[in-house]
Amino acid sequence: MSHIHFIGGEKGGVGKSVVARLLSQWFIDRSKPFAALDADKSHRTLLRSYADYTQPIDLDVFASADEIANRALAADRAVVVDLPAQSSRALETWMQSVDLVGFCREAGIRLTLWHVTDGTFDSVRDLERSLDVWAESFAFVAAKNHGRCKDFSLFDESEGRRRVEQRGGRVVDVPELDAAAMARIDRTSASLWSAANTTEGDLALAPMQRQRTKLWLERCYKVFGEAAEGA
């Protein structure tokens with residue numbers, strides 16, 4: 001059974017591409033079949049870091065967005081879609097054009113929306129809006145990105161969190177990685193595996209940065225595993 005994972009959150013700068021890369025690396029490390037699609041035309045972070053697995057798409061062009069479903073139909077595998085900020089309208093328009101929810105139900109394709117949040121009012125409000133539209137269509141994972149926020153009390157007390165958990169969704173914590181290490185990973189467009197394992201050359205982190213990255217990946221995998229497979 002194929003499983004499409006949309007990595008969204010509407011608000012810019014919450015770390016959607018970080019979660020998309022983590023999820024992609026999780027599938028790679030476990031030799032699980034997957035394909036990745038980068039819809040973020042402004043940055044293409046997922047494409048730059050995982051070029052061998054990723055193709056770019058444009059949600060505003062139906063034939064391009066159709067690749068989301070095509071990749072899921074081509075084989076039983078996971079499909080990771082890195083969404084840009086403020087993409088809900090384009091995504092909804094495309095989904096309605098093909099009745100994606102009904103199509104995937106008939107084809108046995110599962111749909112999960114990962115809402116990446118930085119705990120702010122806008123991000124919490126966006127989650128509640130997404131639930132209003134998609135609660136009956138998607139499984140939900142709310143990913144609290146601790147690399148973007150230290151205080152998630154607003155999110156934890158929100159109606160959005162309550163609704164996610166009430167309908168069987170998951171709330172996961174994405175640990176913070178040392179800012180200098182993350183900045184270098186982004187600057188070199190390295191995969192997370194390369195960042196944790198490369199010891200020489202332009203992609204190599206300093207030894208302690210590399211060690212922190214390895215430990216960070218281990219912590220992330222502990223919270224991602226059940227959500228990736230069971231969401």
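For region 209-231, which positions are basic (Lys, Arg), surrounded by 13 or more Cβ atoms within 10 Å (Cβ to Cβ) and either within 14 Å of ASP173 (Cβ to Cβ) or in contact with a His (Cβ under 9 Å, 6 or more places away or on another chain) (or both)? The answer is ARG219, and nothing else. Considering region 125-182, and only residues there that are among the polar types (S, T, N, Q) and more than 19 Å from the chain's Cα centre (by Cα), the residue that is surrounded by the fewest Cβ atoms within 10 Å (Cβ to Cβ) turns out to be SER153.
This table checks each residue for (1) modelled with pLDDT of 95 or more; (2) surrounded by fewer than 18 Cβ atoms within 10 Å (Cβ to Cβ).
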{"site": "SER42", "(1), (2)": "no, yes"}
{"site": "TYR50", "(1), (2)": "yes, no"}
{"site": "ILE57", "(1), (2)": "yes, no"}
{"site": "ALA63", "(1), (2)": "yes, yes"}
{"site": "ASP66", "(1), (2)": "yes, yes"}
{"site": "ARG71", "(1), (2)": "yes, no"}
{"site": "ALA78", "(1), (2)": "yes, no"}
{"site": "LEU91", "(1), (2)": "yes, no"}
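Could you tell me how many of the residues in region 116-148 are in contact with a strand residue (DSSP E or B) (Cβ under 7 Å, 6 or more places away or on another chain) and basic (Lys, Arg)? Residues that pass the stated criteria total 1.
Looking across region 92-129, the residues that are more than 24 Å from ARG71 (Cα to Cα) and either out of contact with any Ser or Thr (no Cβ under 6 Å at 6 or more places or on another chain) or not aliphatic (A, V, I, L, M) (or both) come down to THR117, ASP118, GLY119, THR120, PHE121, ASP122, SER123, ARG125, ASP126, LEU127, GLU128, ARG129. For beta carbons closer than 9 Å, sequence separation of 6+ or different chains, a first residue in region 120-135 that is free of Cβ contacts under 8 Å to residues at least 40 places away in the same chain and not assigned by TED's automatic domain parsing to the domain that holds LEU91 and a second that is part of a helix (DSSP H, G or I) and surrounded by fewer than 18 Cβ atoms within 10 Å (Cβ to Cβ), there are no qualifying pairs.
Could you check region 18-67 and list, in sequence order, the residues that are acidic (Asp, Glu) and not in a helix (DSSP H, G or I)?
Within region 18-67, the first condition is being acidic (Asp, Glu), and the residues that meet it are 29, 38, 40, 52, 58, 60, 66-67.
If the condition is that a residue be acidic (Asp, Glu) and not in a helix (DSSP H, G or I), then ASP38, ASP40, ASP52, ASP58, ASP60, ASP66 are the ones that fit.
Output the residue which, of all residues in region 74-98 that are of a type in the set (A, V, I, L, M) and part of a strand (DSSP E or B), is farthest from PHE34 (Cα to Cα). For region 74-98, the residue satisfying everything is VAL81.
The values are calculated or read from the model by the stated rules, or taken from the named source; none is laboratory data. Just so it is clear, the model here is predicted, and its values are computed rather than measured. Virtual Cβ from ideal backbone geometry, glycine too; neighbours counted across all protein chains shown.
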